[in-house]
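What follows is a single structure, written as structure tokens, with notes after it.
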């Protein structure tokens with residue numbers, strides 16, 4: 001199995017580490033415009049028993065023809081680049097006869113990728129956006145739980161990658177980029193209410209949340225943020241009354257973030273004519289300066305499904321927990337993003353899918369039970385209770 005990872009940042013680096021551990025992978029190439037990022041990947045994995053599988057190429061998307069040439073003859077392409085490039089990468093993959101996965105982040109990009117459906121289907125290829133944690137793994141868990149009910153009234157999804165040692169003022173850290181962190185707090189935030197897709201205000205719906213499997217963490221807080229439900233809203237449209245996603249944070253984060261946004265510090269209004277700097281640019285710069293890229297961290301997620309099973313009112317709660325492993329060079333959130341993506345790539349190549357080829361939502365294409373079993377074999381705990 002020959003795979004290309006496009007992007008050598010934190011997510012791409014985590015993907016490389018997971019994929020090198022998979023015996024099905026015979027060739028793994030990594031493309032990035034930054035030579036130093038590629039050097040770090042090689043240095044980090046040079047003692048790995050499968051290091052000989054790894055090949056790196058310094059090339060950016062601006063060198064379109066070079067990218068096309070390098071991915072010819074591969075089985076799978078995985079995008080670890082910003083979502084703005086995912087449509088173009090998906091098109092390259094389909095034209096070259098490769099399956100394609102990305103980490104999502106934009107419903108508008110997914111809608112553009114749908115234009116590749118007929119061509120991908122004709123070639124027997126899968127284009128699977130939203131293959132990380134949320135959207136991705138949690139969408140698959142939620143849909144799998146939904147199918148075990150007779151009727152479902154609501155599905156509430158919560159998740160967050162939290163520092164185990166939070167510090168003020170935001171009691172948080174930069175799991176990904178500062179730009180991505182801020183974008184979660186800006187509209188639109190997709191949800192389903194009264195059976196129809198709608199949009200809710202970011203940072204609204206704040207509530208307390210705790211975890212039965214980690215009671216020592218105490219009460220945390222959760223509130224609406226965007227970019228996480230994605231395809232699940234369309235998949236379940238008309239089938240559930242209410243569907244929502246909330247980000248989990250340490251207590252105190254919500255109040256500070258809400259104040260910063262109400263002050264207009266995420267606005268695109270220019271504050272420096274000479275440099276065209278906006279308030280948002282300044283806030284992103286300050287987030288990069290102030291928020292630590294901290295370890296250790298912990299990933300917490302919860303899916304709560306309410307409805308009826310065998311005509312009885314039922315509530316299913318699924319908790320996911322993964323704590324940073326000191327033996328791992330990557331954070332817990334990076335592992336929980338990379339592992340689902342890597343396993344989906346392997347399942348796709350092994351032709352274990354439960355849908356026809358084309359542009360598909362992962363929750364409709366991935367066989368949930370064997371997939372979740374593989375997820376837990378990587379140390380990601382998933383526990384379920386029904387009442």
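The values are calculated or read from the model by the stated rules, or taken from the named source; none is laboratory data. Computed from a predicted structure; not experimentally measured. Cβ sites come from the backbone with ideal geometry, for glycine too, and all protein chains shown count toward neighbours.
Is there a residue being touching a helix residue (DSSP H, G or I) at 6+ places or on another chain (Cβ under 7 Å), outside any strand (DSSP E or B) and touching a residue at least 24 places away in the same chain (Cβ under 8 Å) anywhere in region 146-168? Checked region 146-168: no residue is touching a helix residue (DSSP H, G or I) at 6+ places or on another chain (Cβ under 7 Å), outside any strand (DSSP E or B) and touching a residue at least 24 places away in the same chain (Cβ under 8 Å). Counting the residues of region 97-118 that are farther than 17 Å from residue 365 by Cα, under 20 Å from the mean Cα position of the chain (by Cα) and either part of a loop (DSSP other than H, G, I, E, B) or not assigned by TED's automatic domain parsing to the domain that holds residue 67 (or both) gives 2. Looking at region 1-31 only, could you name the residues that are over 21 Å from residue 374 (Cα atoms) and surrounded by fewer than 24 Cβ atoms within 10 Å (Cβ to Cβ)? Hits for region 1-31 are 9, 10, 27, 29.
Are any residues in region 270-298 more than 16 Å from residue 182 (Cα to Cα), in a loop (DSSP other than H, G, I, E, B) and either in contact with a helix residue (DSSP H, G or I) (Cβ under 8 Å, 6 or more places away or on another chain) or not assigned by TED's automatic domain parsing to the domain that holds residue 174 (or both), and if so, which ones? Across region 270-298, the qualifying residue is only 296. Checking each residue in region 267-284 for being in contact (Cβ under 8 Å) with a residue 12 or more places away in the chain and touching a strand residue (DSSP E or B) at 6+ places or on another chain (Cβ under 8 Å) picks out 267, 268, 279, 282.
Being modelled with pLDDT of 95 or more, in contact with a strand residue (DSSP E or B) (Cβ under 8 Å, 6 or more places away or on another chain) and surrounded by fewer than 14 Cβ atoms within 10 Å (Cβ to Cβ) holds for only one residue in 118, 102, and it is 118.
If the condition is being in contact with a helix residue (DSSP H, G or I) (Cβ under 9 Å, 6 or more places away or on another chain) and more than 19 Å from residue 240 (Cβ to Cβ), then region 181-219 contributes 181, 182, 185, 186, 188, 202, 203, 206, 210, 211.
Here is a yes/no grid of residues against (1) closer than 25 Å to residue 164 by Cβ; (2) surrounded by 20 or more Cβ atoms within 10 Å (Cβ to Cβ); (3) touching a residue at least 12 places away in the same chain (Cβ under 8 Å):
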position	(1), (2), (3)
293	yes, no, yes
305	no, yes, yes
331	yes, yes, yes
364	no, no, yes
382	yes, no, yes
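Just one residue in the set 372, 320, 300, 287 is in contact (Cβ under 8 Å) with a residue 40 or more places away in the chain and within 30 Å of residue 264 (Cβ to Cβ); that residue is 287. Of the residues making up region 234-248, those that are at pLDDT 90 or above and closer than 25 Å to residue 83 by Cα are 235, 236, 243, 244, 245, 246, 247, 248.
When residue 351 is tested against (1) more than 24 Å from residue 231 (Cα to Cα); (2) in a loop (DSSP other than H, G, I, E, B); (3) more than 17 Å from the chain's Cα centre (by Cα), only condition (1) is not met.
Residue count for region 181-205 satisfying the condition of being part of a loop (DSSP other than H, G, I, E, B) and surrounded by 15 or more Cβ atoms within 10 Å (Cβ to Cβ): 6.
Residue under question is residue 365, and the condition is that it be touching a helix residue (DSSP H, G or I) at 6+ places or on another chain (Cβ under 6 Å) and at pLDDT 95 or above; does it hold?
Judged against the criteria, residue 365 is not a match.
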